[in-house]
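Notes follow the structure.
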Amino acid sequence: MSVRNLRQLLAPKSVALVGASERPGSVGATVWRNLLEGGFKGTLFPVNPKYETLGGQRVWADVADLPQAPELAIICTPPATVPAIVRALGELGTRAAVVMTAGLSSARDLRGRSLKQAMLDAANPYLLRILGPNSSGLLAPGIGLNASIAAGGAASGRIAFVSESGAMMTGVLDWARTRGIGFSSFMSLGESADVDFGDVLDYLASDPGTGAILLHVESLRYARKFMSAARAAARSKPTLMLKAGRSIESATAAACLSGVLARPDDVYDAAIRRAGMLRAYTTGQLFAAVETLARAKPLYGERLAILGNGAGPVLLAQDALQYGGGLAARLSEDTVRRLRELVPEWSGSGELNLRGDAPPERYRDAVEVLLKDPEANAVLIVHAPNAVVDPADVARALAPLAKSSSRNLLACWLGGQSVVAARTIAAEAGMPAYRTPEEAVNGFLQIVDYRRNQTLLMQVPASVGDGEPDRERARALVRTALARGHYLLSDPETKAILDAYGIPTVPTLSAATPEEAVRAASVLGFPVAVKILSPDIAQKSDVGGVTLDLDSPEAVRAAAERMRRRLAELRPDARLDGFIVQEMARNPEAHELIAGAATDPVFGPVILFGQGGLAVEVAGDHAVALPPLNTVLARDLIDRTRVARQLAGYRNHPAADMDAIAAVLVQVARLVAEVPEIVELDINPLLADSRGAVVLDARMRIAMADRAGNPARSTLDRLAIRPYPAELEETVDWDGGQILLRPIRPEDGQAHIAFFNALTPDDVRYRMFVRVRELQPAQLARFTQIDYDREMAFIATRPNAEGIDETLAVGRVVADPDNLSAEFAVTVRSDLKGKGLGVMLMNKLIAYCRARGTREIVGEALPQNAPVIGLVKKLGFTVGPVAEEEGVRKFWLQLR
């Protein structure tokens, strides 16, 4: 389930409290008091057989006695009673309930089920949605609903707060009241037996009363559902997460370094980033961030200019910017000249101090100059109060600039009572206001981080590379290894699989004996490196299992014998399967990197990149990303490591080939997505220099079954983000040749622009219902970078005369979160109409929706769009009359 019946949960017109009470300190009494004092305008039904009245209001003995079905029920009765109450509510017609009762997971009914499962079984036939169990309740201040155990209500506002923890809920409510923060909704999920973060995100994303969404997350269970909902929500409004349990380490045993390094908190970071959300690390930071983002304007760069009326506070802000990883504005010569006219004593560099006696006009003029400099993407003023200048006058002077400028103007008003008026004036002008220089800089950096995450969410990346991998060869190699009982693959076995995906590797041969090692070296050519081959040794160098630069048969033989003796002395328990012989990769300027994959218990496969070599664990320099990757996402993964600065080049060291490194990461992501048996992968080191990237050593762990003992899960089940569904590609005959019908890809951006430009103005209007001259970047990203788990766009494509793929037609369908209804649109290039492309794409969309279990396909068109209306009639759609309000004709096709 998803958003079904959540309106009754979050915006009910009537509420029943089952377990209402007047016993002091009881949950029933607390919730009943809150319901009465909250000012709820709807109907309240207290239910409890022990009372006839409560506070002068009639009490019903049983749910079945209620005169009507309440839209929402709050249940706070003993665990054993909950399943029957839920069933009775469902029979009555109630479609949402908050179960505050705890202990349902551990208690059992007569059939041996947990009471939590019995509750869900009772609710399921009626599609009754359950918040909880063990929920602390919910609040909807806009309708006066306080169905919670919180000590006091909440002010109305446009922030939605969703928490797993009841204690966090009540604590934050109390904290927010002292700061005047209001909410559109506030809820505690409890154990999330039914309604979870994904469901609530889907609802809040389209809620007009919610302007920002805040999440307090302890754990997630359904990563795919959460990621789809979070990405959809983050596209429409600021969505922020406070993740608890950062110090918790993974309990999963790992055979490869990637599995050790990819900590759960790193994976959550990657998920938050990929979803276009922003992460906060404290409660105060969470609310400060949403207040900042609510007032922030689009940021087109990341450089901040800072000025103030004192050197000390400005220096503190500059320090916070530098150590926070921010960038200071590089002012142009003209800007420096104009500022020196305003502040003659300023040297032109260092802190811009307007002096303590600076009048409001000097602030205004200096800020105006900075806002016009293209290298100052935002401006921060830091004002310390004094007896000479009224801070409120400074705020009034800056307010018009804050309103009129397209750039962000932030203000730090140091002090207490003396700057209250200034903060109020700044806030009314849309100027984010802060109490300290550090808070102000942190607010700017949050805007920067949010911009970066949104850019990744909306990015249209370039093509990922040439050629397709040999998937079948890779899968066959994995099947062969599993059949032999090999679950931890050796370097040669792993490299063979990497080679099938076009990942460059150093030529490597395996040898069972020292003599075979000599023959292998002769085949590769001297000099060579020889290493032990043992499934029990993770770091070969720890047991003297690596010898380099061997330039003769005798040297190879002696090295192999020496390694065998050394291993027997140091690790007599370790198996020796032979030796690895490698062509020497001589490049003293090459960077040693690590690239790999691990399997997170929540988010599935993750990709890891960072500084490699023997000291990889000590260096602690790595970042994690969720597959699938493309060039843009791979470059972002690289940029999040410290070693990225070295890869960019320094002194006499040329920059590494970043495209080659990114290509390896993209292919690693494809490999683990398309071969679900891969559990872990280490490429360490991956050698990279200006000429490319090559795998020196690699190791892989595979498995037939997941940890629960089930058959290996499919690609779609394992990944938190559904990858490109290559299985939906189809080659068909058309117009005397062949075309490819396939899902759209982010790389189709340029072809999609050409397709749009080939449409007539009327065709654009028929598709978008308005005249559009050109596609904006956000529109292009929305059309080409889609969530394959919730929507689909098929394109008809073929190479043009220059061999470049061109888009001939597009068919798109977007399903609701419950997959009940899917809305479609089909557009054919204007010069290709009447040749059957529209019918082809419509039939493919219908077949796709049927296979997904969608109930109906719906669409709409302007009345004058006769070709589309004729097309859908031919395909069996029902076409309605012109809708008076929208001025369109709607049509639908029942699929089941």
- request: Give the residue, chosen from GLY209, GLY198, that is over 24 Å from ASP636 (Cα atoms), open to solvent by 10 Å² or more (accessible area, probe 1.4 Å) and small (Gly, Ala, Ser).
  value: GLY209
task: Could you list all residues from the stretch 172-195 that are within 25 Å of ALA97 (Cβ to Cβ) and open to solvent by 40 Å² or more (accessible area, probe 1.4 Å)?
output: GLU191
query: Yes or no: VAL879 more than 24 Å from PRO725 (Cβ to Cβ), of a type in the set (A, V, I, L, M), open to solvent by less than 50 Å² (accessible area, probe 1.4 Å) and assigned to a strand (DSSP E or B)?
result: yes
task: Inspect the stretch 846-856 for any residue being assigned to a strand (DSSP E or B) and at pLDDT 90 or above and give the result as yes or no.
output: yes
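Matching residues to (1) under 30 Å from ALA160 (Cα atoms); (2) surrounded by fewer than 17 Cβ atoms within 10 Å (Cβ to Cβ); (3) at pLDDT below 90; (4) of a type in the set (Lys, Arg):
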| residue | (1), (2), (3), (4) |
| --- | --- |
| PHE287 | yes, no, yes, no |
| LEU299 | yes, no, yes, no |
| LEU315 | no, no, no, no |
| GLY324 | yes, yes, no, no |
| LEU327 | no, yes, no, no |
| ARG330 | no, yes, no, yes |
| ARG338 | no, no, no, yes |
| SER349 | no, yes, yes, no |
| VAL369 | no, no, no, no |
field: Qualifying residue in the stretch 422-443 (condition: open to solvent by 50 Å² or more (accessible area, probe 1.4 Å), at pLDDT 90 or above, closer than 16 Å to LEU327 by Cβ and part of a loop (DSSP other than H, G, I, E, B))
entry: no
- prompt: For the subset of the stretch 726-755 comprising residues that are open to solvent by less than 60 Å² (accessible area, probe 1.4 Å) and out of contact with any Ser or Thr (no Cβ under 9 Å at 6 or more places or on another chain), which member is farthest from LEU837 (Cα to Cα)?
  reply: ALA726
- request: State all residues of the stretch 372-418 that are under 15 Å from PRO313 (Cα atoms) and open to solvent by 10 Å² or more (accessible area, probe 1.4 Å); if no residue qualifies, say none.
  value: ALA384, PRO385, ASN386, LEU414, GLY415
message: Just to check your reading of the model, which residue among VAL624, VAL672, VAL668, VAL616 is crowded, with 22+ Cβ neighbours inside 10 Å and within 21 Å of GLY276 (Cβ to Cβ)?
response: VAL624
task: Among what's in the stretch 110-132 and is within 23 Å of ALA64 (Cα to Cα) and polar (S, T, N, Q), pick the residue that is surrounded by the most Cβ atoms within 10 Å (Cβ to Cβ).
output: GLN117
query: Can you name every residue in the stretch 827-845 that is open to solvent by 20 Å² or more (accessible area, probe 1.4 Å), assigned to a helix (DSSP H, G or I) and not hydrophobic (A, V, I, L, M, F, W, C)?
result: SER830, ASP831, ASN843, LYS844
query: Which ones in the stretch 232-244 are open to solvent by 20 Å² or more (accessible area, probe 1.4 Å), touching a residue at least 60 places away in the same chain (Cβ under 8 Å) and under 17 Å from GLU791 (Cα atoms)?
result: ALA232, ARG235
statement: Reported set for the stretch 91-109 where residues are open to solvent by 50 Å² or more (accessible area, probe 1.4 Å), assigned to a loop (DSSP other than H, G, I, E, B) and not polar (S, T, N, Q) is ARG95, ALA102
message: Just the residues that are under 15 Å from LEU637 (Cβ atoms) and of a type in the set (Val, Ile, Thr), please, taken from the stretch 650-693.
response: ILE661, VAL664, VAL666, VAL668, VAL672, ILE683
field: Residue pairs meeting the criteria (Cβ under 7 Å; at least 6 apart or on separate chains; first closer than 17 Å to GLY544 by Cβ, in the stretch 577-588; second part of a strand (DSSP E or B) and open to solvent by 40 Å² or more (accessible area, probe 1.4 Å))
entry: GLY578/SER510; ILE580/SER510; VAL581/LEU509
- prompt: Restricting to the stretch 662-692, what's the tally of residues that are free of Cβ contacts under 8 Å to residues at least 60 places away in the same chain and closer than 13 Å to PRO627 by Cβ?
  reply: 1
task: Working only within the stretch 59-69, note down all residues that are open to solvent by 20 Å² or more (accessible area, probe 1.4 Å) and out of contact with any helix residue (DSSP H, G or I) (no Cβ under 8 Å at 6 or more places or on another chain).
output: TRP60, ALA61, ASP65, PRO67, GLN68
message: Quick check on my filter: what residues within the stretch 70-87 are in contact with a strand residue (DSSP E or B) (Cβ under 9 Å, 6 or more places away or on another chain) and surrounded by fewer than 18 Cβ atoms within 10 Å (Cβ to Cβ)?
response: THR81
task: Could you grab me the full set of residues in the stretch 551-608 that are closer than 30 Å to VAL643 by Cα and open to solvent by 80 Å² or more (accessible area, probe 1.4 Å)?
output: ARG586, PRO588, GLU589, GLU592, PRO601
Residue selected from the stretch 644-659 under the condition in contact with a helix residue (DSSP H, G or I) (Cβ under 8 Å, 6 or more places away or on another chain) and assigned to a helix (DSSP H, G or I), by the criterion nearest to GLU589 (Cα to Cα): LEU647
message: Just to verify a result, which residue in the stretch 218-228, among those that are touching a Gly at 6+ places or on another chain (Cβ under 9 Å) and not small (Gly, Ala, Ser), is nearest to LEU719 (Cα to Cα)?
response: ARG224
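The values are calculated or read from the model by the stated rules, or taken from the named source; none is laboratory data. None of the values given here were measured: they were computed from a predicted structure. For neighbour counting, all protein chains shown are included, and Cβ atoms are generated from backbone atoms with ideal geometry for every residue, glycine included. Just the protein is used for accessible areas: all its heavy atoms, side chains included, with ligands, DNA and RNA removed. Shrake-Rupley method; radii C 1.70, N 1.55, O 1.52, S 1.80 Å.
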